[in-house]
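Q: One structure is given below, represented as structure tokens, and several questions about it will come after.
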Amino acid sequence: MSDGGPVSEDRSAAEDRSANEESEDRSAAEDRSANEESEDRSAAEDRSADEESEDRSAAEDRSANEQSEDRSAAEHRSAPTLYDGVRGQERAVAQLRAAARAPVHAYLFVGPPGSGKRSAAHAFAASLLCPDGGCNACRACTLALAAHHPDLIVVERTGPFISVDQAREIVRQASLSPVEGGRKVLLLVDFHLVQNAAPMLLKIIEEPPAGTVFVILTEQVPPELVTIASRCVRIDFRTLRHDEVVEALLADGVDLHQAHEIADAAAGRLDRARLLASDPEFEARRRVWRALPGELDGTGATVARLVDHLGAVLDSAAMAPLEARHAAEVADLAERVERYGERGAGRRQMEERHKRERRRLRTDELRFGLATLQAGYRDALAAGQGDMQAWLAAVDRLHAAAEALVRNPSEALLLQALLLDLPPLPTEVVPA
Ligand SMILES: [Zn+2]
């Protein structure tokens, strides 16, 4: 029972502590954010009464010696902010905190994009590589959180799928001894795209050399990943709710009104929400999409003009903040290459990821635009004015257009066909 440990540890440690230590702990506890406290609460609620009584008798059995070991474990666990970058994943974080005390050889993080798998993986790696189990302050923690620790190997794809060459490289890396301590972590990204590289990796993931821990990130578990998945401890990440994205943005210092609009545009993805929050042009782009139905007049000439304009809007969308982040990563890589050499620096992986992020940004923006258009017609339906049949058809048409995006259509053709189909929505029905 993996959850059995923490309850009994906490209790016996608490009984053992001097008043002095207790007051230190109390102030540490007060320091924690409301977010982490709710994480702990939900973890506690998850445990059944049955498990607790087992823990109690186990605790009574233990020697004083064991109890002092527990105390130091509990002190390590109180690391205040290791998982601060991960929002709304209380269950996953509680599982990872428990797992860090006695890690197995492989973990599979399953969840949609933007749900915090990557941040959680860095924090988990820190807790495995830190001599104090994740103090969030030492060199090992700092390096692991930034994904720069020499014993945290991040493997990202350089093509549309995980290639056989990459699989070979993963096997090689996993077999090397750790550079600094007794452990190394291999972080494998985008494994829903593992395809035919999977069989090559099964053996090493199933039985890696002692000290090697795999953390595998995937958006879903496709058939080719099922066998690997069965050899891993699975940790699930969920899509954040609108209010959770709002809350995270408020904590970042975004104002309430803007936080709601950004959360609408981010569709549960905190990474995208944070990018939009750093983008001064976001509100202007939202207005362009929102005003669009009011500009339609049923003519092809107007549609052609609007499609041109939207193309320009998409060209500029949130590129500045993304490029600023990419530039910072490039500079960071240059510094590391200067110090440690090009080998293993992951330049190609980084460049490929930047390319993917730029493409994805554009699709995300288009998706956001379609959702904003749809909101206009929904508002018209809610207002109960004008041609209700036409508004209803428009909502359906926009839904179909959003679904078509997964097939990577030509953006201009999609917008042209869409705008020719959409009914003009006079601003007297719904103010833009
Ligand atoms: Zn540390």
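The values are calculated or read from the model by the stated rules, or taken from the named source; none is laboratory data. Computed from a predicted model, the values in this text were never measured in an experiment. Glycine also receives a Cβ, built like all others from the backbone with ideal geometry; neighbour counts cover every protein chain displayed.
Q: Considering only residues that are of a type in the set (D, E, K, R) and not in a helix (DSSP H, G or I), look in the range 246-296 and name the one that is farthest from GLU357 (Cα to Cα).
A: Kept after step one, since they are of a type in the set (D, E, K, R), are these residues of the range 246-296: 247, 252, 255, 261, 264, 269, 271-272, 274, 279, 281, 283, 285-287, 290, 295.
Those left that are additionally not in a helix (DSSP H, G or I): 252, 255, 269, 279, 281.
Details: ASP252: 22, ASP255: 26, ARG269: 14, ASP279: 16, GLU281: 19 Å.
Of everything passing the filter in the range 246-296, ASP255 is farthest from GLU357 (Cα to Cα).
This table checks each residue for (1) surrounded by fewer than 18 Cβ atoms within 10 Å (Cβ to Cβ); (2) in contact (Cβ under 8 Å) with a residue 60 or more places away in the chain; (3) under 37 Å from the mean Cα position of the chain (by Cα).
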site: TRP391; (1), (2), (3): no, no, yes
site: ALA401; (1), (2), (3): no, no, yes
site: VAL406; (1), (2), (3): yes, no, yes
site: GLU411; (1), (2), (3): yes, yes, yes
site: LEU415; (1), (2), (3): no, yes, yes
site: LEU419; (1), (2), (3): no, yes, yes
site: PRO426; (1), (2), (3): yes, yes, no
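Q: I've got another one for you. So is LEU370 surrounded by 15 or more Cβ atoms within 10 Å (Cβ to Cβ) and free of Cβ contacts under 8 Å to residues at least 24 places away in the same chain or not?
A: On the way: surrounded by 15 or more Cβ atoms within 10 Å (Cβ to Cβ): yes; free of Cβ contacts under 8 Å to residues at least 24 places away in the same chain: no.
It is false that LEU370 is surrounded by 15 or more Cβ atoms within 10 Å (Cβ to Cβ) and free of Cβ contacts under 8 Å to residues at least 24 places away in the same chain.
Q: Looking at the range 220-260 only, could you name the residues that are acidic (Asp, Glu) and crowded, with 16+ Cβ neighbours inside 10 Å?
A: Taking the range 220-260 and keeping what is acidic (Asp, Glu), we get 224, 236, 243-244, 247, 252, 255.
Scanning the range 220-260 gives GLU224, GLU244, GLU247.
Q: Within the set of pairs 6 or more residues apart or between chains, which connect a residue that is closer than 21 Å to ALA106 by Cα inside the range 140-153 to a residue that is part of a loop (DSSP other than H, G, I, E, B) and more than 14 Å from the ligand (Cβ to nearest atom) with Cβ atoms less than 6 Å apart?
A: Pairs that qualify, where the first residue is closer than 21 Å to ALA106 by Cα and the partner is part of a loop (DSSP other than H, G, I, E, B) and more than 14 Å from the ligand (Cβ to nearest atom), are PRO150/VAL179; ASP151/PRO178; ASP151/VAL179.
Q: Hey, VAL429 hits all of (1) assigned to a helix (DSSP H, G or I); (2) aliphatic (A, V, I, L, M); (3) not assigned by TED's automatic domain parsing to the domain that holds ALA284 but one; which does it fall short on?
A: Going through (1) assigned to a helix (DSSP H, G or I); (2) aliphatic (A, V, I, L, M); (3) not assigned by TED's automatic domain parsing to the domain that holds ALA284 one by one, VAL429 breaks only (1).
Q: Could you please tell me which pairs satisfy a Cβ distance under 8 Å, a separation of 6+ or placement on different chains, a first residue in the range 334-359 that is under 21 Å from VAL189 (Cβ atoms), and a second residue that is exposed (fewer than 11 other Cβ atoms within 10 Å of the Cβ) and not acidic (Asp, Glu)?
A: That search, which allows pairs on different chains as well, returns GLU352/GLY159.
Q: Name every residue in the range 126-171 that is surrounded by fewer than 15 Cβ atoms within 10 Å (Cβ to Cβ), away from the ligand (no atom under 16 Å from the Cβ) and within 25 Å of ASP332 (Cβ to Cβ), in order of residue number.
A: Listed by number, the residues that qualify are GLY159, GLU169.
Q: Let me spell it out: the conditions are (1) touching a Gly at 6+ places or on another chain (Cβ under 9 Å); (2) touching a residue at least 60 places away in the same chain (Cβ under 8 Å), and ARG157 meets all of them except one. Which number is the exception?
A: (1)
Q: Right, another one. Test each condition in (1) more than 26 Å from LEU361 (Cα to Cα); (2) more than 16 Å from the ligand (Cβ to nearest atom) for ARG118 and report the one that comes out false.
A: (1)
Q: Do any helices (runs of 4 or more DSSP H) entirely within the range 123-213 hold 3 or more residues that are over 24 Å from GLN89 (Cα atoms) and either more than 23 Å from the chain's Cα centre (by Cα) or hydrophobic (A, V, I, L, M, F, W, C) (or both), and if so, which? Even if it seems obvious, please write down each step before you answer.
A: Numbers: elements: 139-145, 164-175, 198-206.
Output list reads 164-175, 198-206.
Q: Spot the failing condition for ASP308; the list is (1) more than 19 Å from ALA266 (Cβ to Cβ); (2) modelled with pLDDT of 90 or more; (3) among the charged types (D, E, K, R); (4) surrounded by 14 or more Cβ atoms within 10 Å (Cβ to Cβ), and only one is missed.
A: (4)
Q: Moving on to the next point. What's the number of the only condition in (1) modelled with pLDDT under 85; (2) within 16 Å of the ligand (Cβ to nearest atom) that ARG71 fails to meet?
A: ARG71 satisfies every listed condition except (2).
Q: Look at the range 92-112 and say how many of its residues are surrounded by fewer than 18 Cβ atoms within 10 Å (Cβ to Cβ), assigned to a loop (DSSP other than H, G, I, E, B) and more than 16 Å from the ligand (Cβ to nearest atom).
A: Matching residues across the range 92-112 total 3.
Q: Residue by residue through the range 373-385, note down the ones that are more than 15 Å from ALA404 (Cβ to Cβ), part of a helix (DSSP H, G or I) and in contact (Cβ under 8 Å) with a residue 40 or more places away in the chain. Before you say what the answer is, go through the steps one by one.
A: Quick first cut of the range 373-385, residues more than 15 Å from ALA404 (Cβ to Cβ) only: 375-385.
Applying the additional criterion that residues be part of a helix (DSSP H, G or I) yields 375-383.
Result: ALA375, GLY376, TYR377, ASP379, ALA380, ALA383.
Q: If I ask for residues that are closer than 13 Å to VAL213 by Cβ and touching an Asp or Glu at 6+ places or on another chain (Cβ under 8 Å), which ones from the range 161-187 would you list?
A: Scanning the range 161-187 gives PRO178, GLY181, ARG183, LYS184, VAL185.
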